[in-house]
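Only one structure is covered here, and it is reproduced in the block below.
The values are calculated or read from the model by the stated rules, or taken from the named source; none is laboratory data. The model shown is predicted, which means the values in this text are computed figures rather than measured ones. Positions of Cβ are backbone-derived with ideal geometry, glycine not excepted, and every protein chain shown enters the neighbour counts. In case anyone asks, the SASA skips ligands and DNA or RNA and just uses the protein heavy atoms, side chains included. Shrake-Rupley method; radii C 1.70, N 1.55, O 1.52, S 1.80 Å.
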Amino acid sequence: MLEKQNLLGLTQSKLKKFFSDLNEKPFRTKQIMQWIYHQGVTDFDDMHNFSKDLRQKLDSIASINMPEIVSLNHSKDGVVKWVIKLGEDNHIESVFIPQKDRGTLCISSQVGCSLACTFCSTGYQGFNRNLKNHEIIAQVLLAKNYLEANNSRITNVVFMGMGEPLLNESPVYDACEILLDDWAFGLSRRKVTVSSSGIVPALIRMSDTVPVSLAISLHAPDDILRDILVPINQKYPIKELMKACHYYLKAGTQERHILFEYVMLDGVNDSIEQAKSLSKLLNYWFESESAKVNLIPFNPFPESQYKTSSPSTIDKFQDVLFKAGIRTTTRRTRGDDVDAACGQLAGKVLDKSRRNAERNRLLS
């Protein structure tokens, strides 16, 4: 028996082909997208503007499958975290951060992560697999349905959860297309952000493929330190990454900006000299208006070897960037009481990278 086609996560063009293959008119695409993404309907029998024959046909060959929510946690500061089950041994996490003027949903793109950044809890979990289109979009739809029932809404979506989005290109690009589609979520391109540790060839492809915002997990101003904190830097060093970022800014027809994320690690990357080096790096490659730095106080997790920079150290670091003309903000830690803060997402990962097994062998 053939597996049913899950319609969740199919882009508008792929749904049009699906209905064309059924000898149905193109307008069915708009109808079903609005049922799924505007009305939250996943049962074909409830789609009353479809004929009975079409509903029966869809039920026999297609589905709109949503994953199971394992837990739903509320932080004391309003953050909501979903733990979502993808098979017996794999769970992913997504997080909603409410603010006065926005509501940001942070979603995952992989089960675990293969990059092993040393300051990130997800990296310690190892890696199992990439998420499929419908597993990425399901995170947004589950959150949307829950939040709208509780008088809240998603205004921004960021690919900053578990995984490296640019190691899962096609599903991430399709998800971005659906997030921007007025028949689905209808977000503006400035409200959807892909965060990457710097997969240079994929970053160049993304620049020409999806018109969304970009965040770069930088975390160090030089290759020697970044090789340790973000090991992918050994393959794609900072100079190559900056060239790709410059390409991103010039691609497309609309003005673009880049957010550089910089986690603040006590005594590791937070000195005044490192702030000056970061300022010099960014001012060399970018105009002041095109690059912005987001300083992120490190959020500890049990296996971490690092400590958080003090508030005064972060303020001094930020002041150096300000004086160099670089727009800089410091991220407020949110959701840490439910392990939902930046760098704390871990889920449950059946590790295929053997990273945990090797770590345990070395510690034994």
0 to 90° range, to nearest 10: angle between helix 133-149 axis and the chain longest Cα axis: 90 degrees
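Percent antiparallel among DSSP beta bridges with both residues in the chain, to the nearest 5?
Details: 21 of 48 bridges.
Around 45 percent antiparallel, to the nearest 5.
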Cα lying deepest toward the dipole's positive end in the range 281-321, options Gln318, Gln305, Asn294, charges on Cβ: Gln305
Part-to-part distance (alpha-carbon centres) for the range 80-99 and the range 265-309, which is given in Å: 28 Å
Long pairs among Lys292/Lys316; Lys52/Lys132; Lys191/Lys235, criterion Cα-Cα beyond 24 Å: Lys52/Lys132; Lys191/Lys235
Relative contact order computed over the range 126-217 (Cα-Cα under 8 Å; 6+ residues apart), in percent: 27 percent
Whole-number Å³ per residue for the convex hull built on Cα positions in the chain: 150 Å³
Helix-derived mean residue ellipticity, 222 nm - over the chain, DSSP H n ≥ 4, -39500 (n - 2.57), to 500: -10000 deg cm²/dmol
Cα long-axis angle, helix 238-250 against the chain (0 to 90 degrees, to the nearest 10): 50 degrees
Signed unit charges on C-beta, dipole axis of the chain, positive-most listed residue Ile32, Gly126, Ile69: Ile32
Residue-span extension gain [Ser188 to Arg205] - 0.36 nm each, minus C-alpha spacing: 4.1 nm
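For Glu261, Glu88, Glu240, give me the order by solvent-accessible area with a 1.4 Å probe, most accessible first, ignoring ligands, DNA and RNA.
Glu88, Glu240, Glu261
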Spin-label zone in the range 203-224 - amide nitrogen under 15 Å from a point set 7 Å from the Cα of His257 along the C-beta vector: 212-216
Reach of Lys81 by Cα under 12 Å, taken over aspartates and glutamates that are not fewer than 8 positions away in the same chain: Glu93, Asp336, Asp337, Asp339
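Dividing the Cα radius of gyration by the Kirkwood radius, what Rg/Rh value follows for the range 210-331? Provide the component values of the computation, followed by the final result.
On the way: Rg = 14.3 Å, Rh = 14.9 Å.
Ratio of gyration radius to Kirkwood radius: 0.96.
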Those aspartates and glutamates that a straight Cα-Cα span of less than 16 Å connects to Lys16, excepting residues fewer than 8 apart in one chain: Glu24, Asp174, Glu177, Asp181, Asp182
Label point distance in nm, Asn145-Lys100, each placed 7 Å from Cα along Cα→Cβ: 3.4 nm
